[in-house]
Amino acid sequence: MQLPAIPRPLARVVGALPAFPASLAFSAAGNLAAWPALRGLDWGEVRGRRFCVHVRDLGLKLYFSVGRKGFVPEVASSADVTFTATTEDFVRLGLRLEDPDTLFFNRRLLIEGDTDLGLRVKNMLDGVEFEELTRRLPAGLGQVVTGLRQRAQMQA
Amino acid sequence: MPSEPLLELICPAGSLPALKAAVDHGADGVYLGFKDNTNARNFSGLNFDEAAIRQGVEYAHAKGRKVLLALNTYPQPGEVARWQRAVDRAADICMDAVILADPGLMAYAARTHPDLRLHLSVQGSATSYEAIEFYRERFGIQRAVLPRVLSLAQVEAVAANTEVELELFGFGGLCVMVEGRCLLSSYATGDSPNTCGVCSPAHAVRWQQTPKGMETRLNGVLIDRYADDEKAGYPTLCKGRFEVQGETYYALEEPTSLNTLEMLPEMARLGIAAIKIEGRQRSPAYVAQVTQVWRAAIDAVKRAPESFAVAPAWHGQLDKVSEGSMHTLGAYYRPWK
Ligand code: SF4
């Protein structure tokens, strides 16, 4: 699936944003959109650990942890594990169109820091069925996500 | 009497979605492991708990497919009971077979659950028909997964001399260093496949982007450094680049993937019972992609072995998901013995 590239000037503006408000917005959006579908996972070993999602093409770093009630934005500019990829690859991973190992071999995904933690989260998310996830997303969003995935599969 | 199996497609699953992807895309059987060190892909968050395994077995059986349990590590001193309980659970869940490497565990399974079908794991490293026959006579194994070190001529010799069904690796990461006996990972981390169910345990792996490139370290030991335009491989010692007498290169082996599509007609001629796809650590997306290609290829070879030709698109799809920038026929195609 070809997602439109992010326009350069926009990337510059986003990249210049201070990290905390971005992390705050990301966590808030995550809690609204994804947490209902993810809350049932066994987060025990993961709780309190700090994650960084580094969106390479936007120059954006999002810091958060996972608490009892969902994603918690983190102020710190360090993380236990950092995932780096482009917007498009993160979206493809989220839609289950891409295998992380494949992206890793092709240098499109980098996991720095605590590898075991990174793998654990990857495997936990892999263990949830896509349909199960989309069913628990807020009304409307589930359909959009399913539609995106189907369109991309047809183009493949 | 059911007919002898021929080229069954056996696919990996590290999670329930992966199992369903395999079944939905045409696997005849799926192999998986419990969430502990009783199997050789013991990674955090991977594999099946009791509920997932029961659901998986139900899903596969409803569609007439098999589920095989990998119990292919060696019971460690003082912990033998965990491996024995795993055999009991497999029988209880109605697994179609368990894949074992340890003779002691085979003896336990044969004695306690005589109806449970036993497969000899590749970790058992049986490369001759004498070894395979030994396991059949003593424990009644019905299938052996052959190590990826034999040439096809050698496979043929084994096939001609045993009634045990043979399963060959068809696709995936290569791990050829004296299959089943490799201790390289232990050398750097203290953990290896046979003892802890994992080569290069994730807790020992560190990746770091540096000005010189992406570095991979295993318990602090630098095993590779990739320039920006280079493909990366798994962080295993065997596929690292090392400095030997002033030169830095793949001193043990290069990261490549096994891909034996073009040997399918030969494998059919030899009566190979099953083809195994590597990769329980991979995501459902990989399982779906690879299963789809191999289903099409096996169907084609069964329809018309003489006119079988590998579709270029198949190679394209498989190369895309492979480790290393090329694929190989491994030892199967090797003129020397
Ligand atoms: S070091 Fe290489 S050959 Fe040895 S077990 Fe690990 S992957 Fe296999």
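The values are calculated or read from the model by the stated rules, or taken from the named source; none is laboratory data. Remember, predicted model here, so these are calculated numbers, not experimental data. No Cβ is skipped: glycine too gets one built from the backbone with ideal geometry, and neighbour counts run over all protein chains shown. Side chains included, ligands, DNA and RNA excluded: accessible areas come from the protein's heavy atoms. Shrake-Rupley method; radii C 1.70, N 1.55, O 1.52, S 1.80 Å.
Within the stretch B:112-154, restricting attention to residues that are at pLDDT 95 or above and of a type in the set (D, E, K, R), which residue is nearest to B:Val164 (Cα to Cα)?
Result: B:Arg143.
Of all the helices (runs of 4 or more DSSP H) wholly in the stretch A:110-156, which have at least 2 residues that are touching a strand residue (DSSP E or B) at 6+ places or on another chain (Cβ under 7 Å), on the phi > 0 side of the Ramachandran plot and more than 7 Å from chain B (Cβ to nearest Cβ)?
none
Here is a check on your reading of the model: is B:Ala70 in a helix (DSSP H, G or I), modelled with pLDDT of 95 or more and among the small types (Gly, Ala, Ser)?
Judged against the criteria, B:Ala70 is not a match.
Considering each of B:Ala300, B:Ala285 in turn, give the residue that is modelled with pLDDT under 95 and of a type in the set (A, V, I, L, M).
So the residue among B:Ala300, B:Ala285 that is modelled with pLDDT under 95 and of a type in the set (A, V, I, L, M) is B:Ala285.
Of the conditions (1) within 13 Å of chain B (Cβ to nearest Cβ); (2) open to solvent by 30 Å² or more (accessible area, probe 1.4 Å), A:Asp101 satisfies every one except a single condition; which number is it?
Of the numbered conditions (1) within 13 Å of chain B (Cβ to nearest Cβ); (2) open to solvent by 30 Å² or more (accessible area, probe 1.4 Å), the odd one out for A:Asp101 is (2).
Residues checked against (1) part of a helix (DSSP H, G or I); (2) out of contact with any Ser or Thr (no Cβ under 8 Å at 6 or more places or on another chain); (3) crowded, with 20+ Cβ neighbours inside 10 Å; (4) within 11 Å of chain B (Cβ to nearest Cβ):
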position	(1), (2), (3), (4)
A:Tyr63	no, no, yes, no
A:Val72	no, no, no, no
A:Ala76	no, yes, no, no
A:Glu88	yes, yes, no, no
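Per-residue answers, yes or no, for (1) open to solvent by 20 Å² or more (accessible area, probe 1.4 Å); (2) outside the structural domain of B:His315 (by TED's automatic domain parsing); (3) within 16 Å of the ligand (Cβ to nearest atom):
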{"position": "B:Val149", "(1), (2), (3)": "yes, no, yes"}
{"position": "B:Val158", "(1), (2), (3)": "no, no, no"}
{"position": "B:Glu167", "(1), (2), (3)": "no, no, no"}
{"position": "B:Gly170", "(1), (2), (3)": "no, no, no"}
{"position": "B:Ser192", "(1), (2), (3)": "no, yes, yes"}
{"position": "B:Cys196", "(1), (2), (3)": "yes, yes, yes"}
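Among the strands (runs of 3 or more DSSP E) confined wholly to the stretch B:247-308, which include 2 or more residues that are open to solvent by less than 10 Å² (accessible area, probe 1.4 Å)?
By residue number, B:257-259, B:274-277.
Could we say that B:Ala86 is open to solvent by less than 20 Å² (accessible area, probe 1.4 Å), closer than 19 Å to B:Ala274 by Cβ, assigned by TED's automatic domain parsing to the domain that holds B:Asp36 and within 22 Å of the chain's Cα centre (by Cα) here?
No: the conditions fail for B:Ala86.
Out of all the residues in the stretch B:75-88, which are of a type in the set (Gly, Ala, Ser) and either touching a Lys or Arg at 6+ places or on another chain (Cβ under 7 Å) or assigned to a helix (DSSP H, G or I) (or both)? Full working, then the answer.
Quick first cut of the stretch B:75-88, residues of a type in the set (Gly, Ala, Ser) only: B:78, B:81, B:86.
Across the stretch B:75-88, the qualifying residues are B:Ala81, B:Ala86.
Hey, among B:Thr260, B:Thr248, B:Thr291, B:Thr256, which residue is free of Cβ contacts under 8 Å to residues at least 60 places away in the same chain and either touching a strand residue (DSSP E or B) at 6+ places or on another chain (Cβ under 7 Å) or among the β-branched types (Val, Ile, Thr) (or both)?
When all the criteria are applied, what remains is B:Thr248.
Could you say which residue among B:Gly45, B:Gly56 is assigned to a loop (DSSP other than H, G, I, E, B) and of a type in the set (Gly, Ala, Ser)? Write out each step before concluding.
On the way: B:Gly56 fails: assigned to a loop (DSSP other than H, G, I, E, B).
It is B:Gly45.
Residues that are farther than 30 Å from B:Glu163 by Cα, within 12 Å of another protein chain (Cβ to nearest Cβ) and in contact (Cβ under 8 Å) with a residue 40 or more places away in the chain: does the stretch B:266-281 have at least one?
Checked against the condition, which is being farther than 30 Å from B:Glu163 by Cα, within 12 Å of another protein chain (Cβ to nearest Cβ) and in contact (Cβ under 8 Å) with a residue 40 or more places away in the chain, the stretch B:266-281 yields at least one hit.
Take B:Ile275 and decide whether it is more than 16 Å from the ligand (Cβ to nearest atom) and hydrophobic (A, V, I, L, M, F, W, C).
When the stated conditions are applied, B:Ile275 passes them.
Among all residue pairs at least 6 apart or on different chains, which show Cβ distances below 6 Å where the first residue, located in the stretch B:57-82, is farther than 24 Å from B:Arg143 by Cα and the second is part of a helix (DSSP H, G or I) and open to solvent by 50 Å² or more (accessible area, probe 1.4 Å)?
No pair meets every condition.
Out of the residues in the stretch B:210-258 that are within 20 Å of the chain's Cα centre (by Cα) and away from chain A (no Cβ under 14 Å), state the one that is nearest to the ligand (Cβ to nearest atom).
Taking the candidates together, the pick is B:Cys238.
Right, B:Ala13: within 13 Å of chain A (Cβ to nearest Cβ), buried (at least 19 other Cβ atoms within 10 Å of the Cβ) and not basic (Lys, Arg) or not?
It is true that B:Ala13 is within 13 Å of chain A (Cβ to nearest Cβ), buried (at least 19 other Cβ atoms within 10 Å of the Cβ) and not basic (Lys, Arg).
If I go through the stretch B:89-115 residue by residue, how many of them are in a helix (DSSP H, G or I), exposed (fewer than 15 other Cβ atoms within 10 Å of the Cβ) and not aliphatic (A, V, I, L, M)?
4
For the stretch B:198-209, give me each residue that is among the hydrophobic types (A, V, I, L, M, F, W, C) and within 8 Å of the ligand (Cβ to nearest atom).
Selection gives B:Cys199 alone.
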